[in-house]
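Student: First, the structure itself, so that you have it in front of you.
The values are calculated or read from the model by the stated rules, or taken from the named source; none is laboratory data. None of the values given here were measured: they were computed from a predicted structure. Note that we place each Cβ from the backbone using ideal geometry, even for glycine, and neighbour counts take in every protein chain shown. Note: accessible area is taken over every heavy atom of the protein model, side chains too, but ligands, DNA and RNA are not part of it. Shrake-Rupley method; radii C 1.70, N 1.55, O 1.52, S 1.80 Å.
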Amino acid sequence: MKLATLKNGTRDGKLVVVSRDLTRLTDASFLAPTLQAALDDWRRIAPHLAALSESLEHGSVPSERFHEHDAHSPLPRAYQWADGSAYVNHVELVRKARNVEMPASFWTDPLMYQGGSDAFVPPRDPIRMADEAWGIDLEAEVAVIVGDVPMGASKEQAREAIRFVMLVNDVTLRSLTGPELAKGFGFFQSKPSSAFSPVAATPDELGDAWDGGKLHLPLGVDLNGKPFGRANAGVDMTFDFPALIVHAAKTRPLSAGTIIGSGTISNKKDGGPGKPVAEGGSGYSCIAEQRMIETIEGGEAKTPFLRFGDTVRIEMKDKAGHSIFGAIEQKVEKYQK
């Protein structure tokens, strides 16, 4: 099934079930007012939501048109948002950009940071920043929402805890990351609010593209209407989602509604750095990677970070070309107090 949260003037919105083709919705708030409420009582609520989803597909319940612009992020706020770096190729490239060597342990032990989860951005709302000089960058990723995960969970427990899959734009302020990380205390100001796809889908909706830990489909990233990234989320993923969940739960339980991100999707090309889409490559899921490769090949970065007026679109389609989660589409605007 596919669920979404509609904006309704409250912080947590209203839960709806969305048709598989993303054209129609039906109210689910009589079962659970919000997605978090459903996750908190999942064993009882999930069968009823699944039945409602089937009724929507058969046209046997009242429905209305689903407009992605009316959707908030599936969880407008969450108890926890932990983002990994499952694609070690990406980690290696961005560390090179900061002239920082990558330890060998990064290939065996995932990186993860805890992001702000109190106010996610709706998928069609602007990216508002006060200063272009902060180095505004997109980061296109896949994320999962989990149910309750016990501390010290096994990989099988982690796999079984995955309730939903969705997309995320994890905005990064590149000019702030270096000075901030140099303090030795992690990200904070350099990681503003993220935006998630209009729809979250249960793993069974993904068919054979989902293998229980990875999503084997290209993630489309367009910048100002032109193809920028088509990296396959199932390729070069060093740590799958169960591995990331196990890592997050090593010393603490994870509450239902915790979101775990994959980190920026990054593919290599013929054993080396990826190539732009225009040159026949899979492109990039963030601007920093393209800038790093430009520096390696030509001595300097040429592609600017996001500027006011730029538009980013992130969307994943199935093998038949149909959108799975809807699109994150955001225009960069100057923040006004």
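Student: Hey, for a label at His69 modelled as a point 7 Å past Cα toward Cβ, could you say which residues of the range 105-130 have their backbone N under 12 Å away?
Tutor: 124-125
Student: Let me ask something additional. Pull up the DSSP beta bridges for the chain and report the antiparallel fraction as a percent, rounded to 5. Write down the numbers at each step before the final one.
Tutor: On the way: 52 of 59 bridges.
Bridges in the chain that DSSP calls antiparallel: roughly 90 percent.
Student: Can you give me the pair-distance distribution of the range 93-204, C-alpha pairs, 10 Å bins, whole percents?
Tutor: P(r) over the range 93-204, rounded to whole percents: 11, 35, 34, 19, 1.
Student: Across 10 Å bins from the origin, how do the percents of Cα pairs in the chain run, short distances first?
Tutor: Each 10 Å bin holds this share of Cα pairs: 6, 27, 36, 23, 7, 1, 0.
Student: If you don't mind, there's one more thing I want to ask. Taking only the C-alpha atoms, wrap a convex hull around the range 1-149 and report its volume per residue in Å³ as a whole number.
Tutor: Working: hull volume 22.2 nm³, N = 149.
It is 149 Å³ per residue.
Student: For the chain, modelled as a Gaussian network with Cα springs under 10 Å, which listed residue fluctuates most, Asn224, Asn267, Asn169?
Tutor: Result for the chain, Cα springs under 10 Å: Asn224 fluctuates most.
Student: Moving to a separate point now. About its Cα centre, how strong a charge dipole does the chain have in debye, to the nearest 20, once Lys and Arg get +1 and Asp and Glu get -1 at the Cβ?
Tutor: Details: 38 positive and 44 negative charges, 102 e Å.
In debye, rounded to 20, the chain gives about 480.
Student: Continuing with this model, one more query. If each residue of separation counts as 0.36 nm, what is the full-extension length gain between Gln80 and Thr251 once their alpha-carbon separation is subtracted?
Tutor: On the way: separation 171, 0.36 × 171 = 61.56 nm, distance 1.47 nm.
Full extension of this stretch gives 60.1 nm more.
Student: So for the range 209-337, what percent of the C-alpha to C-alpha distances run longer than 20 Å? Display every interim value, and only then the final one.
Tutor: Details: 4464 of 8256 pairs.
Counting pairs separated by more than 20 Å, the tail of P(r) holds 54 percent.
Student: Moving on. Å³ per residue of the Cα convex hull, for the range 5-85?
Tutor: Numbers: hull volume 9.8 nm³, N = 81.
Cα-based convex hull of the range 5-85, divided per residue, equals 121 Å³.
Student: Next up: Leaving out ligands and nucleic acids, and using a 1.4 Å probe, what accessible area per residue does the chain come to in Å²?
Tutor: Values: 14830 Å² over 337 residues.
Here the per-residue accessible area is 44 Å².
Student: Would you mind computing, in nm to one decimal, how far apart the modelled labels at Arg95 and Asp118 are, each placed 7 Å from Cα along Cα→Cβ?
Tutor: Distance between label points: 3.2 nm.
Student: If I stretch the segment between Thr311 and Leu111 completely, what's the gain in nm (0.36 nm per residue apart, minus their alpha carbon distance), one decimal? If you can, show how the numbers build up before the last one.
Tutor: Details: separation 200, 0.36 × 200 = 72.00 nm, distance 2.90 nm.
Taking 0.36 nm per residue and subtracting the Cα distance, the gain is 69.1 nm.
Student: Starting from the 7 Å offset along Cα-to-Cβ, what nm value, one decimal, do you get for the label separation of Lys7 and Ala182?
Tutor: 3.9 nm
Student: Which of Lys96, Lys183, Lys155 moves the most in a Gaussian network model of the chain with Cα springs under 10 Å?
Tutor: Result for the chain, Cα springs under 10 Å: Lys183 fluctuates most.
Student: Mind giving me the nanometre distance, one decimal, between the label points for Met151 and Gln336, set 7 Å out from Cα along Cα→Cβ?
Tutor: 4.9 nm
Student: Okay, which of the range 301-337 sit inside 11 Å, backbone N to the point 7 Å along the Cα-Cβ direction of Arg128?
Tutor: 333-337
Student: Counting each DSSP H run of 4 or more residues in the chain as -39500 (n - 2.57), what helix-only mean residue ellipticity at 222 nm follows after dividing by all residues, to the nearest 500 deg cm²/dmol?
Tutor: Working: 7 runs with 68 residues, N = 337.
The helix-only estimate for the chain comes to -6000 deg cm²/dmol at 222 nm.
Student: Taking the convex hull of the Cα atoms, report for the range 141-299 its projected area averaged over all directions, in nm². Kindly include the intermediate steps, with their values, before the conclusion.
Tutor: On the way: hull surface 44.2 nm².
Seen from a random direction, the Cα hull of the range 141-299 projects 11.0 nm² on average.
Student: Moving to a separate point now. Could you quote the convex hull projected area for the range 47-118, Cα atoms only and averaged over all directions, in nm²? List each step's numbers first, then the result.
Tutor: On the way: hull surface 35.5 nm².
Over all viewing directions, the range 47-118 projects a mean Cα-hull area of 8.9 nm².
Student: Given a 10 angstrom Cα cut-off, can you work out which residue in Pro76, Pro122, Pro179 is the most mobile in a GNM of the chain?
Tutor: Pro179
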